[in-house]
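Asks: Below is one structure. I have some questions about it.
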Amino acid sequence: MQYEAVIGLEVHAQLRTKSKIFCGCSTKFGALPNTQTCPVCLGLPGVLPVLNREAVNFAVKMAIATHSRIAPYCRFARKNYFYPDLPKGYQISQYELPLSTGGYVDIESDGAVKKIGLTRIHMEEDAGKSIHDGSADSSLVDLNRAGVPLIEIVSEPDIRTPEDAVSYLRKLREIVRYLEICDGNMEEGSFRCDANVSIRPAGEKAFGIKAEVKNMNSFRFVQKALEYEIERQTGVVEGGGKIVQETRLWDSGRGITVSMRSKEEAHDYRYFPEPDLVPLEVSEEWQEEIRKKLPELPDDKRVRFVHDYDIPEYDAQVLTSSKALANFFEECVKNYRSPKAVSNWIMGDLLRELKLSGTDIDDCLIRPQHLAGMIKMIDEGVISGKIAKTIFEEMYKTGKDPEAIVKDKGLVQVSDEGEIERLIAQVISENPKEVEAFRGGKDKLIGFFVGQVMKLSGGKANPAKVNEMLVKKLSR
Ligand SMILES: [Zn+2]
């Protein structure tokens, strides 16, 4: 029997506010343990939380960017559970009145656009972090992260394949980064997801029993964990067994999911309205103020790039994968309007170098006007495409102006006919056998001659000119 997977994702995105959601403590990553805490985020008795307006702005941005309905009135709730990294014994979250409901995100699925519905986006605070550093009889707790603002984005069970799940996650991450509300860093845990996975016979409407998979901290792991889980569930069902509702952890070392707790042990959170916070009212005016300041979103940018610069859809897709990269491209084109050539250099050499050196485009030394200037020099015949590769490497390492590099290294292309003629004469006199063979009809040898002349010139001769002049000289 053919089975189909039903996948829903819960994504937690850490909002990039300077201070925590209910107090003024810093949210900076990497500080010494417990140095960014106060009585409010530690949950000491008698303290009162105060909602961070900027966190609300960020959450509303996300709701608008995903076409969600923003509740004019929403409320925070206490989600009660006991865990060592949660000093209050409850997490302030939202429950029956979340910030927004509905909405969707478009993804590419098998060459078509597919809408993934959003059930809700709500705000909540993060918990701390337990550190099990190997000593057998103790654990440590770092509460710097307690009270850091999060949004939880819950999708409808609209996803059918691990590939689509990853596309959806990538799209969400792209949006939060464009909005500059979350850095999207999965390794540091500022963008993380849990998945609900079930299978059902293909064509069936009813859902199967689902398992929740946690602890996937890269796109690759999400893909692998979902593939594994679908295969595991299919195996259980085909073997005549029953799926149990449970929470499972992805074990990246072993490449499998393992059971963490079953439904019987699942938490009863005993939600109730947070008595220390007034309900949150996001008025039409407030929404409008945010809407006006919203940046161009990736999907819109993609369409505009194809239209304005006449580049292929694929190029637009790559170039808009981050706002910084898109800006870099547009800056280049502003300096020299040759979009396809610019795109080729960015998608090829630049992205490869960035990947090799593990550098972010923001920290790249090459200035857009320099890359544009280099491409212009190729077009004007000042340098050859081959020399450009050398110049590009130098620009990447030093951030120098390409014109300065050409001057310093004497890399100007040789287009002077007298000079090329001299080189050709030398090559012809040094290779009499090949000359004879060529004149005897072995046309393919032209490549050999061009290569010899280029070599002799140290790669600086203009190849088009060399080719043209060689043909003339040799056919005599
Ligand atoms: Zn605090």
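Asks: What FRET efficiency would be calculated for the residue pair SER415, LEU140, taking the C-beta separation as r and a Förster radius of 51 Å, to the nearest 0.05? Write out the running numbers ahead of the final one.
Replies: Details: r = 69 Å, r/R0 = 1.35.
Using R0 = 51 Å, I get an efficiency of 0.15.
Asks: Treating the angle as unsigned and between 0 and 90°, give the value, to the nearest 10°, between the Cα long axis of helix 323-335 and the longest Cα principal axis of the chain.
Replies: Its long axis makes an angle of about 30 degrees.
Asks: Moving on to the next point. Taking the solvent-accessible surface of protein heavy atoms with a 1.4 Å probe, what is the per residue accessible area of the chain in Å²? Before the final figure, lay out each step's value.
Replies: Values: 24190 Å² over 476 residues.
About 51 Å² of surface per residue is accessible.
Asks: Give, rounded to the nearest 20 debye, the magnitude of the charge dipole that the chain has about its Cα centre when Lys and Arg contribute +1 at Cβ and Asp and Glu contribute -1 at Cβ. Provide the component values of the computation, followed by the final result.
Replies: On the way: 66 positive and 73 negative charges, 181 e Å.
Here the size comes out at about 880 debye.
Asks: Estimate the FRET efficiency between ASP443 and LYS293 by the formula 1/(1 + (r/R0)^6), using the beta-carbon distance for r and 56 Å for R0, to the nearest 0.05. Don't skip to the answer; put the middle values down first.
Replies: Values: r = 64 Å, r/R0 = 1.15.
So the FRET efficiency works out to roughly 0.30.
Asks: Which three lengths, in whole Å and largest first, does the range 296-335 cover when its Cα atoms are put on their principal axes?
Replies: Result, largest extent first: 23, 19, 16 Å.
Asks: Sort all Cα-Cα distances of the range 155-219 into consecutive 10 angstrom bins from zero, then give the percent of pairs in each bin up to the one containing the longest distance.
Replies: Spelled out bin by bin, the range 155-219 gives 19, 46, 25, 10, 0 percent.
Asks: Probe radius 1.4 Å, ligands and nucleic acids ignored: give me the carbon and sulfur share of the accessible area of the chain as a rounded percent.
Replies: Values: 12350 of 24190 Å².
Ligands and nucleic acids excluded, carbon and sulfur reach 51 percent.
Asks: Let me ask something else. Taking only Cα atoms, what is the 0 to 90° angle, nearest 10, from helix 417-430's long axis to the longest principal axis of the chain?
Replies: Relative to the chain, helix 417-430 is tipped by roughly 80 degrees.
Asks: Pairs LYS376/LYS407; LYS129/LYS171; LYS376/LYS460: which are spaced more than 19 Å apart, C-alpha to C-alpha? Write out the running numbers ahead of the final one.
Replies: Values: LYS376/LYS407 16 Å; LYS129/LYS171 28 Å; LYS376/LYS460 17 Å.
Beyond 19 Å: LYS129/LYS171.
Asks: Could you pull out every residue, at least 5 positions away or on a different chain, whose amide H is within less than 5 Å of the one on ASP126? Hs are placed 1.01 Å off N in the peptide plane, and Pro or chain starts have none.
Replies: For ASP126, the qualifying residues are GLY147, VAL148, LEU150.
Asks: Ordering PHE76, PHE438 by how much accessible area each has at a 1.4 Å probe, largest first, what is the list?
Replies: Details: PHE76 5, PHE438 30 Å².
The ranking, largest first, comes out as PHE438, PHE76.
Asks: Hey, what's the Cα Rg ratio for the range 1-49 versus the globular rule of thumb, 2.2 N^0.38 Å? Walk me through the intermediate numbers first.
Replies: On the way: Rg = 18.4 Å, N = 49, 2.2 N^0.38 = 9.7 Å.
Output field value: 1.90.
Asks: A follow-up question, please. Dimensions of the chain along principal axes (Cα, Å, largest first)?
Replies: Cα extents, longest axis first: 95, 55, 51 Å.
Asks: Sticking with this one: Kirkwood Rh and Cα-based Rg: tell me the resulting Rg over Rh for the range 380-459, rounded to two decimals. Intermediate values should be presented prior to the final figure.
Replies: Values: Rg = 16.0 Å, Rh = 14.4 Å.
Rg divided by Rh gives 1.11.
Asks: While we're on this one: Return the Rg/Rh value of the range 286-354, two decimal places, where both radii are evaluated on C-alpha atoms and Rh is the Kirkwood radius.
Replies: On the way: Rg = 13.4 Å, Rh = 12.7 Å.
Here the Rg-to-Rh quotient is 1.05.
Asks: With Cβ to Cβ distances under 14 Å as the rule, what net charge do the other residues near HIS132 carry (K, R +1; D, E -1)?
Replies: Working: positive: LYS129; negative: ASP85, ASP133, ASP137, ASP142.
Net charge in that neighbourhood comes out at -3.
Asks: Related question: Can you tell me which of 385-392, 108-115 comes out highest on packing, and rank the rest after it, using the mean Cβ neighbours within 10 Å?
Replies: Details: 385-392: 17.6, 108-115: 11.2.
Result, highest mean first: 385-392, 108-115.
Asks: Let me ask something else. Measure nothing but the geometry: give the 0 to 90° angle between the long axis through the Cα atoms of 385-398 and the longest principal axis through the Cα atoms of the chain, rounded to 10°.
Replies: Helix 385-398 and the main axis of the chain meet at about 50 degrees.
Asks: Beta carbons within 10 angstrom, averaged per residue: use that to sort the peptides 366-373, 237-244, 442-449, 145-152, highest first.
Replies: Details: 366-373: 21.1, 237-244: 11.0, 442-449: 13.5, 145-152: 25.2.
Descending mean neighbour count gives 145-152, 366-373, 442-449, 237-244.
Asks: Using the eigenvalues of the Cα gyration tensor, what equivalent ellipsoid semi-axes result for the range 204-318 when each is taken as the square root of five times the eigenvalue, whole Å, largest first? Spell out each step's value before the answer.
Replies: On the way: eigenvalues 301, 171, 39 Å².
They are 39, 29, 14 Å, listed largest first.
Asks: Can you compute 3J(HN,Hα) from phi for each residue in the range 181-192, using the Karplus curve 6.51 cos²θ - 1.76 cosθ + 1.60 with θ = phi - 60°, rounded to whole Hz and x for Gly and Pro?
Replies: Each residue of the range 181-192 in turn: 9, 7, 7, x, 7, 6, 5, 7, x, 7, 9, 9 Hz.
Asks: Separate question: Rounded to the nearest whole Å³, what is the per residue volume of the convex hull around the Cα atoms of the range 185-256?
Replies: Numbers: hull volume 7.0 nm³, N = 72.
For the range 185-256, the hull spanned by Cα atoms encloses 97 Å³ per residue.
Asks: From the P(r) of the range 123-267, could you give the percentage of C-alpha pairs in the tail past 28 Å? Let's see the in-between values first.
Replies: Details: 2732 of 10440 pairs.
Looking at the range 123-267, the distances longer than 28 Å represent 26 percent of pairs.
The values are calculated or read from the model by the stated rules, or taken from the named source; none is laboratory data. For clarity, every value in this text was computed on a predicted model and none was experimentally measured. Don't worry about glycine lacking a Cβ; one is built from the backbone with ideal geometry, like all the others, and counts go over all protein chains shown. These accessible areas exclude ligands, DNA and RNA; they are computed on the full protein's heavy atoms, side chains included. Shrake-Rupley method; radii C 1.70, N 1.55, O 1.52, S 1.80 Å.
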